[in-house]
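One structure is given below, encoded as structure tokens.
Any read-out appearing in this document is the output of simple, stated calculations on the displayed coordinates, not a laboratory observation. No experiment lies behind these values; they were computed from the predicted model shown. Cβ placement follows ideal geometry from the backbone for every residue including glycine, while neighbour counts extend to all protein chains displayed.
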Amino acid sequence: MLQGRAGHPDFVPFVDLLDEQLAELSDALVSPVVEAAKGGNLKATMWLFDRRVKPYEDRALAKQFELEDRLDEQQRVVEAHVASSEAQALADDVMRELTTGEKH
């Protein structure tokens, strides 16, 4: 299996055949659950959601949260630079007042 997945030409056809057979078996086993869900069976619907949808939803949410965290961090950096710049401008004004006697 590992050699076929790695692309070894002697094993790829075997792995492809096995994948095809497993997909057909999966479809045959899940079809009654899909039909039950279509018929309003809440337990079947929840099972399908947990097995077929939730893993993708969890990955998508994790990516979204990671992006939001990065944006929050970038916002904090920008705010820190703005605060630093404002503090420097204030310090410059104070120094100018002290050395020239002018007030701004």
Checklist entry - Here are some residues: Ala37, Ala23, Ala62, Ala28. Which one is surrounded by fewer than 10 Cβ atoms within 10 Å (Cβ to Cβ) and either in contact with a Leu (Cβ under 6 Å, 6 or more places away or on another chain) or under 29 Å from Met1 (Cβ atoms) (or both)? => result Ala28
Item to check | All helices (runs of 4 or more DSSP H) inside segment 1-67 with 3 or more residues being among the polar types (S, T, N, Q) | outcome: 12-38
Checklist entry - In this structure, does Leu98 turn out to be loosely packed, with under 10 Cβ neighbours inside 10 Å, hydrophobic (A, V, I, L, M, F, W, C) and closer than 30 Å to Ser26 by Cα? => result no
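State whether one or more residues within segment 40-53 are of a type in the set (Gly, Ala, Ser) and over 28 Å from the mean Cα position of the chain (by Cα). Steps first, please.
Step one: of segment 40-53, the residues of a type in the set (Gly, Ala, Ser) are 40, 44.
If we keep only those that are over 28 Å from the mean Cα position of the chain (by Cα) too, we end up with 40.
Yes; the residues of segment 40-53 include at least one that is of a type in the set (Gly, Ala, Ser) and over 28 Å from the mean Cα position of the chain (by Cα).
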